[in-house]
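Derivation of every value follows stated rules applied to the coordinates shown; laboratory data play no part. It should be emphasised that the depicted structure is a prediction, and the values quoted were computed from it without experimental measurement. With ideal geometry, Cβ positions are generated from the backbone for all residues, glycine too; neighbour counts draw on all protein chains shown.
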Amino acid sequence: MFGSNQYGQFANNSATSTPQLTPLWIQTLSGQGFTNISCGKYMTILRNQYGQIYTAGYNIDGGLGLGDATSRESATLQPQFSDVTLSYDYISTLIENTHVSALGCNVPYCYGILKYNTSYVCSGRGQCDSTNNCICDANYYGAQCSNYSCYGRDFSSISVCSGVGVCSSPDNCSCMIGYNGYNCQNSICYGYNQTDVRVCSGNGQCLSPNNCSCYANYTGYNCQFPICYGRSANDSLVCSGNGTCISFNNCSCLPGYTPGKCSYPICYGYNSSDPLACSSHGSCVAPNQCLCLSGYYGQLCEEYYCSNVSYQNSSVCSSHGSCVLPDVCNCTDGYKGSNCELSICFGKNSSDPSVCSGHGKCSSPNNCNCSSGYAGSNCSLSVCYGLLSNSSNVCSYGNGTCVAPNICVCNDGYNGTMCQIPICYGSSGNSSCSGHGQCIRHDVCQCDVGYVSSTCSISVCYNINSTDPSVCSSHGTCTAYNACNCTLGYYGQTCSDYSCYNVSSNNTQVCSSNGRCTSPNTCSCNSGYVGTQCESTLCFGRNTTDRKICSSRGTCVSPNNCSCDIGYTGYHCQLSICYSINQSDPNVCSGMGQCVSYNNCSCVSGYVGNACQYPVCYGYPANDPNVCSRNGTCVSPNNCSCMTGYIQDNCSLPTCFGYEQTDTRVCSSHGYCSLPNKCICDAGYYGNNCSLHSCFGISSTDPAVCSSSGNCTQPDICQCQIGRVGNYCQYSVCNGYNQTDVRSCGVHGYCSAPNKCTCDAGYYGNSCSLFSCYNISSTDPLVCSQRGNCSMPNNCSCNAGYYGSNCSLFSCYGISSKDPLVCSSKGNCSQPDTCTCQSGHVGDSCQLNVCYGLNQSNPLVCNSKGICTNANTCVCNSGYVGDQCQFTTCYSKNSSDPTVCSGHGLCKLPNQCNCSSGYIGDQCSIPVCYSIASNQSSVCSNQSGTCISPDSCSCRDGYTGNMCQYKICNGTSSFYSSVCSGRGTCVSPNVCACPSGVVGPNCEYTVCNGKVSTLNSLLKSYVL
C-alpha cells in the first residue's frame, strides 16, 4: 500500500506523500511509475510519469467507463495490470501478476471495512463511529459487535443452549433433534418430553434423546417390559416359557402349570417336581402328559412290561414267574433267566453250556436228556466202547481214563484208541526198542541177539559194545552187530590197518623215505624236510615251494643255504642295497627313508627324491621354485624360513602395520592386507590403516554426528544413546517404541523426550494408558466391582452376566441374586449363573437332589432301585430296602442277612436266590448229592441215606460209601471182595446171597454131599 497516515491513504490527497508499507496491505504501487493519485467520492484517478491517466472506481460524477457499479475501467490499464476490482466505496484494488495493490482515500473504517458499508461494518450490528470503534446495537457486544448471548451464555460457549443447541440470535436457541425447551433443556424419548409422566412408558427416566434409564425391575429401550424372575417380559423363556409376565415377578401362567414362575407342569394332580408324579415312573413334561421311563407305559406310567408282555398277561415271564418290575421277572422254582425262559437242572440253567454236565439238554427242572455217549442223571458219565467211565475195566483195564464217548486218555506208557498198546521209551510197535527188540510192557524191552541196553539201542562188535571207545580199534563205528564202519584211512575187519599216500605204513619208501607214517596220509618228517610226503627242503623255515623262500630274493640250494640275487645280501637275502648302502646302515636313503628294494628308497613323510634328499614344505619339494609361496626357503619338512614382511608357516601371508593378513585386527578390521603394509579398505573406511569413517556425511569424531545423540561406530551406522533411535539417532524412545510409533505413548499422548510422555487430558501414567472409573484406577483389581473392565474414564464394560453402571449387579438363570427364589431356594447365587448349592443339592440352579453322592438324574442313584426325593433320602422300589436301596429282599429277608436264601445263596433280585454250588430250590434249601436233589427218591443210592449237604450223604444203618451205595454184611462192605466170605453177594444189610453149594449167614459153609461142612463136621470126618 502507499500513503502517509495510519489508514494507508495519502494525507490531504497529496500525490507527493512518501509511500510506506503497513500491515493492512500486501504491496504498494511504489515503483510502478505512478506520479499522481487523486480521490473522488466513488473513484480513484492515477497519472503515470508519461502523463497517461488511469481510473478505478464507479462511473459516477463524470468518471470514465460505464455507469453501473459492476463495470471496470480496463481500456486504459497498462499491460502489467491484469485486473481491477472495487472493494469498497473509496478503495480500489489493482492486480499485477501475483501482486495485489490497493489505493484509497481518507474515509473512516472499522476493522478493514468502510463505515458506509453498513451491511458488513461492525458485523452489520452496529455503526463505525471512528476507526476501529464500533457502537453496537442492543443485545450485541464485542469490538466488532459480533458477540451475543442466549440466557446468559455467550453464543460461542460450548454450554450455550444447554450444550445441545445453537444460539442463532440473542436468547434464541435452535435445538438439536431430540431436545426442546426455550434453552434446549429438555430431552425427548420416543415422542414424550422428559417432564411428561408417560415418558419411558412411565417406568424410567429420559436421560438423553431416546435414552431411557429404567427403574428397577423394568427393561426395554422404552422401559416397556416388566421383569419376572430375572427375565424380560419379551423373553421367550419368561415365566419358564409357560406364561405371561404382566408386572414385576407376576406371571400369569397357562392352564396346567404351577403358579409363581409357571416352571412346573401338573400331571393328574401332581406337580412335576413331586416324586409321585407319573406314578414315580416317568417325568411330567407338560400338563397331563407323562414321559414314561423305559419299560413303563400308560397315562400315568402305571403299567409295565416284561420282555414286551404286560405284567398282567398270564404268559408273562414265559408263564414261569411273575413280572414285578419292567423287565424284571420273579421266577418260580426250577426256572431262571430274565424272562424265566430257562429251566434249571441240578443248579444250572438250561442256557448254561455246562448244564447236564455239558452233555445233554435240560428239558425241565432237574430232567436231563443226555447226548449220545453219555449217561447218568446229570449226564456226567461218558461211555467208552460199551463201558461206563467209572468202570474199572474201561480203557483196557485201567490203562487210561474215559473222558468222552469212545475217547480214552491213556496213562503214561500206553497208546491206542483203547490204551491197549504199551510204549517203551516214547515208541510203540515196530519202532519201539530201537527196532532191535519187543516192547512187552511200559518201558520194558526184550532185545534181539547182538543188542543190549534198556532200549536195545547199543550194538555189539566182536564182543565190544558200540559205546566203548576201543570198539573197532578206536578207528571206526560199530553200526550193527559185528559190523565196523571204518574211519577214512583205516581198513580191515576191526579197522586196525592204514597207509600214507598209498604206501603201507610199514613200507621203507613211505614219506619219501624222509619221515614216518604215523596215521593215514600223515607223515612225520625228519629235520630239514617238509611237505605232506616230506618231499620239500627247508631254508630258514620256508620250503622250496614257498615263493618267499630266501626272502624271494634268492634260491634255497640246500637246507638253510640261500644264494642271493644282485642288489640283495644277508644269510637269507633279507637286506636290500640302495645306492651302494646296505639297508641296515642308518645313512641309507640320506637317513630320511628306508631301502625297500634294490635302489628303491621309501622316504619318511616330508622328504622326496631318489635318495630322499629333499625336504617338502606344504606340498612343494625344496628344489621347487614355488616352495614357501616363493617368499622363503624350505629348510626341513613344512619349515619355511620366510622373507621380511611375510609370516605364516608357508610364508603365504603378508603383514600390515604389525598384523598378519588373516588377523581380524588387520587394517583396523576394516580392510584387506594385500601386500606388506598395504591395506585395501572396505567401503566406507579410509586412511593408510583403514581407521577412519563417517556417518551420513559427518565424521565420526564430529560432535554433531548421529544427531549429537549417539556414536558413529561404523560407516553410516550410529550407536544411539539410551532413549534415542533412528538411522542417525533422530528419534526419542518412550516405553520401548519410536516416537513416531503410536505405541510409544499410546493414542492419548506423544513422546516429547526419551521416556517422557506428554499425556492428553484425562489420561496419565508412563505411557498415558491409565485412567479410572468412579475414582478407582482402571488397573486396580477392584475397578468396576471386580466384574468388568474400565475401558475409558468412568465407562465400565461389564463381564458377561453383570450389569449396572459399576457392574455391581448379577443374576442366576434369570433370577436376581437377591431374590429368595434364586438357585431353587437351595443355594446362593455367588456369581452370574453360578449357584453355590446347599449340601445335598446339585445342578446349575441347585434343582437336583443328591443321594449318597449321586444326583437324582443319575440312573445309578439309589442303586437304580429307587427315587431320590430329597438329600440322602431314597424311596425304594418294591423288593428293595436300605438307605440307598442297596439290599434286595428274598422271601422277607434282607440280602445282607446271613440266613437269606437259607444261608446257601445270594439274593441278587427280589425273591430270586442265586444258589451256591450244591444247592437248589427257590430259597436254596435243597442240597444236591452227586447230581441228585435231596428231595428226590434216588438220592444217596435210592434213599439209602440222607443228603444233608452238597455231596454229603448220611447213610442209614447197614449202608456205607460216599453215596451210601455199598451194603454192609456182617461188618464187611460190599465194596470188598471178602464180603460174604468172598463167596456170595451182599444184597441188603447183613443179607448174603450165597451161590449154589454155599450156605450160612455169611456164606461161610460149604455143602458137600448134602451136608453143611462146618468146622466140627470137617474135624469129625477127618478123624474118621
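Within the range 313-335, the only residue that satisfies the criterion of being under 16 Å from A933 (Cβ atoms) and either surrounded by 22 or more Cβ atoms within 10 Å (Cβ to Cβ) or in contact with a Lys or Arg (Cβ under 7 Å, 6 or more places away or on another chain) (or both) is Y335.
Checking each residue in the range 393-425 for being more than 29 Å from G360 (Cα to Cα), surrounded by fewer than 19 Cβ atoms within 10 Å (Cβ to Cβ) and among the hydrophobic types (A, V, I, L, M, F, W, C) picks out only I421.
When the residues of the range 806-821 are filtered to those that are surrounded by 15 or more Cβ atoms within 10 Å (Cβ to Cβ) and free of Cβ contacts under 8 Å to residues at least 60 places away in the same chain, which remaining residue is nearest to N858 (Cα to Cα)? Ranking the candidates gives S817 first. Elements of the type strands (runs of 3 or more DSSP E) sitting completely within the range 946-990 and holding at least 1 residues that are within 30 Å of I920 (Cα to Cα): these cover 952-955, 966-969. Listed residues S162, S201; which is under 30 Å from G126 (Cβ atoms) and either more than 53 Å from the chain's Cα centre (by Cα) or in a loop (DSSP other than H, G, I, E, B) (or both)? None of the others qualify; the one that does is S162. Taking the criterion of being crowded, with 16+ Cβ neighbours inside 10 Å, among the small types (G, A, S) and within 21 Å of C424 (Cα to Cα), the residues of the range 451-477 that qualify are S453, S457, S459.
Annotation: P715 fulfils all but one of (1) loosely packed, with under 14 Cβ neighbours inside 10 Å; (2) of a type outside the set (A, V, I, L, M); (3) closer than 19 Å to R665 by Cβ; the unmet one is (1). For G765, are the conditions met, namely being over 43 Å from the mean Cα position of the chain (by Cα), surrounded by 15 or more Cβ atoms within 10 Å (Cβ to Cβ), farther than 30 Å from C695 by Cα and not β-branched (V, I, T)? Taking the combined requirement at face value, the residue does not satisfy it.
Does any residue of the range 842-864 turn out to be in contact (Cβ under 8 Å) with a residue 24 or more places away in the chain and within 30 Å of Y803 (Cβ to Cβ)? So far as the range 842-864 goes, yes, one or more of its residues are in contact (Cβ under 8 Å) with a residue 24 or more places away in the chain and within 30 Å of Y803 (Cβ to Cβ). Which residues, taken from the range 335-364, are out of contact with any Ser or Thr (no Cβ under 8 Å at 6 or more places or on another chain) and more than 27 Å from S315 (Cβ to Cβ)? Listed by number, the residues that qualify are P353, S354, G358.
Here's a check for you: in the range 724-744, which residue that is closer than 16 Å to T758 by Cα and touching a Lys or Arg at 6+ places or on another chain (Cβ under 9 Å) is surrounded by the most Cβ atoms within 10 Å (Cβ to Cβ)? Step by step, filter the range 724-744, then rank; the result is C734. Within the option set C439, C402, C408, being touching a strand residue (DSSP E or B) at 6+ places or on another chain (Cβ under 7 Å), in a strand (DSSP E or B) and either farther than 25 Å from Y374 by Cβ or of a type in the set (S, T, Y) (or both) holds for one residue only, C439.
Under the condition of being over 17 Å from C331 (Cα atoms) and not polar (S, T, N, Q), which residue from the range 901-917 is surrounded by the fewest Cβ atoms within 10 Å (Cβ to Cβ)? Top of the filtered list is G903.
Looking only at residues in the range 185-210 that are hydroxyl-bearing (S, T, Y) and farther than 28 Å from P820 by Cβ, the one that is surrounded by the most Cβ atoms within 10 Å (Cβ to Cβ) is S187. Taking every residue in the range 306-330 that is closer than 17 Å to N911 by Cβ and pairing it with any residue that is among the acidic types (D, E), at least 6 positions away or on another chain, the pairs with Cβ-Cβ distances below 8 Å are C306/D327; Y311/E303; S318/E341; H320/E341.
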